[in-house]
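A.B. asks: Quick one: the structure is below, questions incoming.
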Amino acid sequence: MYTDRYGLSGQPFQLTPDARFWFDSRTHRKAMAYLGYGLAQGEGFIVVTGEIGAGKSTLVAHLMANIDRARLNAISLVSTQVEGDDMLRLVAQGLGLSTGAVEKARLLDAVEQQLERELRAGKRTLLIVDEAQNLPVSALEELRMLSNFQIEGRALIQTFLLGQPEFRDKLAGPGLEQLRQRVIATHHLDAMGADEVESYIRHRLTRVDWQGDPDFDADAFEAIHRYSGGIPRRVNQLAHRLLLNAAVENADRISATSVHAVAADMGADAAAPSGAPEEKVLPLRAARPVAAPAPVQVPDPAPEPVAPPQQVRDPKLDQRIAALEAQVLEQEEMLRRALTMLVDWVEADGQDKAYRTHAA
C-alpha cells in the first residue's frame, strides 16, 4: 500500500467523510457562514445542496465536530423514501423515545414534551436530514409541522436539510409553500476552483504526516482539476489512484503525464469536446476511448512496499506545510468563536424579550 511506501500515517483520500480532513474552500466557507447565521436564529430550516461528492456529508461531520454538545442536541438522519408517519418515528427515535405501537397523536405529544425538556435543560435541538431529495412531500410536511412546536416564543427544534441539486426543484414545487416560507438560509455547494485543488490535496496529505514524497508538478494539479471538475470526491478518487500508481513505479514525483495515464485507466476522457462549457466536465466513469499515454496497469495484488530512499528535506516545503496547518487551525478557531457568539447573542436576546413581555 502506498501509505507504507511514503511513510503516511493513514489514507489521505478516503471516501468516508472525516472532519479531520475538512478543507475551507470558498464554497464551504460560505456554507459555514450560512450555517452560523441559521443556527444563531434558532428556528426554521437551513438548506444546503450540492452535486454528488461535493462535500455535504463532510460539512455535517465538521459541524458535528465543532458544536457544543452541552448546549445543542444534534440528531442526524440519513433519509430514505419514508412517508410522514415514518419520519416522525425516526425523529422520535433520535430523541431516545420508544416508538413501538404508539399511535401518532401520543407520539407527537411525547416528541413535544421531550423537546421542551431539552430546551428547559439549556439544550436546543438541531435535526440534520441528509439525502433530502428522497423525501416525499408528506415527510417534508411532517418536518414542517414539528417546526411549529415552541415555548415562550422560542422554537423547540430547528432543521438542517441536505440534498442533491434536484431537491431545490422539489422544494420549489407545489404543496411546499409553507415550508419554503420557513427556510431562513440556503446555499449550493459549488465545485472547487482550479486554484484550490493544490491546497486541497496538500492539506489532506499533511493530515497524514506527508513529508513531501511524492511531490506534484504544478501541471499535475491543473490536470487533476480538469478530470475531476473540482468535485472533492472525484479529486479523492483520482489522487488515491495516482499515489498507488506512484508507489508501484517507485516514483517520487507525480506529473501531468501520470494524471493522464491514470485518468485514462479509470475510463476518463483526455479532454472535454472543443467549445464545451468548462463546467461540463465528464465523469471519471465516462466510457469513450481517449487519446492519452498508455495506461499504467496496476498489478493485483500489489507488490511488497519498497523502502523509501533517503531524502533531503526541503525547508520551503516544510514552511508551506506549516503555514497551511496554521491557517486551518486559525480558521477553525474563528468558526468556533463565531458560532458561540451568535448563539449567545440570540439566546440572550430571547431571554431579554421574554423578560420584557413578562414585565409588561
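The values are calculated or read from the model by the stated rules, or taken from the named source; none is laboratory data. Note that this is a predicted model, so its numbers are computed, not measured. Every residue, glycine among them, receives a Cβ derived from its backbone with ideal geometry; neighbour counts consider all protein chains shown.
A.B. asks: Answer yes or no: is there a residue in the stretch 8-17 that is of a type in the set (A, V, I, L, M), more than 17 Å from Thr159 (Cα to Cα) and modelled with pLDDT of 90 or more.
C.D. replies: So far as the stretch 8-17 goes, yes, one or more of its residues are of a type in the set (A, V, I, L, M), more than 17 Å from Thr159 (Cα to Cα) and modelled with pLDDT of 90 or more.
A.B. asks: Need at least 1 residues that are out of contact with any Pro (no Cβ under 7 Å at 6 or more places or on another chain), surrounded by fewer than 21 Cβ atoms within 10 Å (Cβ to Cβ) and of a type in the set (Asp, Glu) per element, so show me which strands (runs of 3 or more DSSP E) inside the stretch 96-208 make the cut, counting only ones lying wholly within it.
C.D. replies: Where strands (runs of 3 or more DSSP E) fall fully within the stretch 96-208 and carry at least 1 residues being out of contact with any Pro (no Cβ under 7 Å at 6 or more places or on another chain), surrounded by fewer than 21 Cβ atoms within 10 Å (Cβ to Cβ) and of a type in the set (Asp, Glu), they are 124-130.
A.B. asks: Restricting to the stretch 214-251, count the residues that are in contact with a strand residue (DSSP E or B) (Cβ under 6 Å, 6 or more places away or on another chain) and in contact (Cβ under 8 Å) with a residue 24 or more places away in the chain.
C.D. replies: The total comes to 5.
A.B. asks: Can you tell me which condition Asp85 does not meet? The list is (1) of a type outside the set (Val, Ile, Thr); (2) in contact with a Leu (Cβ under 7 Å, 6 or more places away or on another chain); (3) closer than 20 Å to Gln178 by Cα, and all the others hold.
C.D. replies: (2)
A.B. asks: Does the stretch 73-84 hold any residues that are at pLDDT 85 or above and in a strand (DSSP E or B), and which are they?
C.D. replies: Correct list: Asn73, Ala74, Ile75, Ser76, Leu77.
A.B. asks: Name, by its number, the condition in (1) surrounded by 15 or more Cβ atoms within 10 Å (Cβ to Cβ); (2) on the phi > 0 side of the Ramachandran plot that does not hold for Met64.
C.D. replies: (2)
A.B. asks: While we're here: Considering only the stretch 70-88, I want to know if a residue exists there that is out of contact with any strand residue (DSSP E or B) (no Cβ under 8 Å at 6 or more places or on another chain) and crowded, with 21+ Cβ neighbours inside 10 Å.
C.D. replies: The answer is yes; a qualifying residue exists.
A.B. asks: Then there's this: Considering only the stretch 1-72, give the helices (runs of 4 or more DSSP H) lying wholly within it that have at least 3 residues that are of a type in the set (D, E, K, R).
C.D. replies: Result: 26-41.
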